[in-house]
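**Q** For reference, the structure I am asking about is given below.
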Amino acid sequence: MHVPSVRSRWTVGRKLAALASTGLLVAIVLGAVSYFGVVEISRAISARNRLTLLDQCLRELDAKQSDVTSDEIQAILSPEPADAQKVKALLAEDEALIARTITVMRKIKVQPRLAREASAFLKDFNVYVTASNTTMLDLLTLTPGSTESVEAMRRERDRGDEISNKITRMRGLVSESMQTQLSQINRTASSVRVSIVSCLVCGLIVLLTLSIVLTRSITRRVREMVVGLRMVANRDLRVKIDVSGNDEITDMGVAIDEA
């Protein structure tokens, strides 16, 4: 007589629990892959948004630099004290807007290399603004149309062009970083899609294989139980049942054999 070991019983309930656990494990793996993929994409998107903000600040500085140059030219061309006071007020307003923009730029966290470039650029721009503020007092004393005023106008335009070129260069670096971040987002999204599909396919294969194995191990012996029970019902006690295994179906086979 077959006596199954109690400690090593692999019951039908445990088999079904193993199948359910495998499905749960597959779901957990898919969830983990999706979660970490979304986190990576979110980080890349956040970095690109910071770069977009940095580029917007650079555009604002470019516009304000043009305004400062315009203020300086107006100062050269202002023959009246009232006009000079107006120019001073405009320059002060532009400087206040520039200061706020620079404050925002300093708070933007970007890659170390770009951060070093931005820091060097802001130093140069601060030097430009400080020099413009200092030069304004001298420009207001020039006589419009004089040789000195023409030379001063040329000099201030050259200074404006120089800082404008630095702004253009800085925006080019930001644009390159934005393209890099966009490529990273696309690569990460593609990698996440491949990982999810791979995990899903592998999980389905494992689940399908396990389901087939467990189903066959149960249904084959259940069919034998049905045949044996019919023979017993017909008072044919010569029935012999395959009692391989170690679950409730095995117990039923042993009971029929002992009948």
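**Q** Give me the net charge of residue 99's neighbourhood, meaning all other residues with Cβ under 13 Å from the Cβ of residue 99; Lys, Arg count +1, Asp, Glu -1.
**A** -1
**Q** Using the Karplus curve 6.51 cos²θ - 1.76 cosθ + 1.60 with θ = phi - 60°, what ³J(HN,Hα) values do you get for each residue of segment 194-205, in whole Hz, with x for Gly and Pro?
**A** So the Karplus estimates, Gly and Pro as x, are 5, 5, 5, 5, 5, 4, 5, 5, 4, x, 5, 4 Hz.
**Q** Quote the charge dipole size of the chain about the Cα centre in Debye, to the nearest 20; the model charges only the Cβ of Lys and Arg (+1) and of Asp and Glu (-1).
**A** So the dipole magnitude of the chain works out to roughly 2060 debye.
**Q** Could you put 54, 25 in order of accessible surface area, largest first, with the 1.4 Å probe and the full protein assembly present?
**A** So the residues, ranked largest to smallest area, are 25, 54.
**Q** Shifting gears a bit: Note the direction-averaged projected area, equal to a quarter of the hull surface, for the Cα convex hull of segment 62-197, in nm².
**A** That works out to 9.5 nm², a quarter of the Cα hull's surface.
**Q** Let me cross-check residue 128: its accessible surface, 1.4 Å probe, with only protein heavy atoms counted, in Å² to the nearest 10?
**A** 10 Å²
**Q** According to the square roots a ≥ b ≥ c of the eigenvalues of the Cα gyration tensor, what is the shape class of segment 24-129, taking rounded for a/c under 1.5, prolate for a/b larger than b/c otherwise, and oblate for the remainder?
**A** prolate
**Q** Hey, another quick one. First select every other residue whose beta carbon is under 11 angstrom from the beta carbon of residue 58; then total the charges, Lys and Arg +1, Asp and Glu -1.
**A** Charge balance near residue 58 sits at +2.
**Q** From the residues 249, 188, 58, which one has its Cα farthest along the dipole of the chain in the positive direction, the dipole being from +1 and -1 charges on Cβ of Lys/Arg and Asp/Glu about the Cα centre?
**A** 249
**Q** Using all Cα-Cα distances in segment 166-241, what percent lands in each 10 angstrom bin from 0 up to the longest?
**A** Computed distribution, short to long bins: 15, 17, 14, 13, 11, 9, 8, 6, 4, 2, 0.
**Q** Return the equivalent ellipsoid semi-axes of segment 103-172 as a descending list in whole Å, where each equals the square root of 5 times an eigenvalue of the C-alpha gyration tensor.
**A** Semi-axes, largest first: 32, 13, 7 Å.
**Q** Considering only the other residues whose Cβ falls under 15 Å of the Cβ of residue 38, what net charge follows from Lys and Arg at +1 and Asp and Glu at -1?
**A** Net local charge, residue 38 excluded: +2.
**Q** Out of (1) 6, 18, 14, 11, 9, 8, 7, 7, 7, 5, 4, 2, 1, 0; (2) 7, 25, 22, 17, 13, 10, 5, 1, 0; (3) 7, 23, 26, 23, 15, 5, 1, 0, which label holds the value of P(r) over Cα pairs in 10 Å bins from 0, in percent that was computed here?
**A** (1)
**Q** To continue, here is another question. When ligands, DNA and RNA are left out and all protein chains stay put, how many square angstrom of accessible area per residue does segment 103-259 have with a 1.4 Å probe?
**A** Value returned for segment 103-259: 62 Å² of accessible area per residue.
**Q** Given a 1.4 angstrom probe, I'd like the percentage of the accessible area of segment 141-237 that is carbon and sulfur, rounded to a whole number.
**A** Within segment 141-237, the accessible surface is 60 percent carbon and sulfur.
The values are calculated or read from the model by the stated rules, or taken from the named source; none is laboratory data. Quick caveat: nothing in here was measured; it's all calculated off a predicted structure. Positions of Cβ are backbone-derived with ideal geometry, glycine not excepted, and every protein chain shown enters the neighbour counts. Side chains are part of the model used for accessible areas, which takes the heavy atoms of the whole protein and leaves out ligands, DNA and RNA. Shrake-Rupley method; radii C 1.70, N 1.55, O 1.52, S 1.80 Å.
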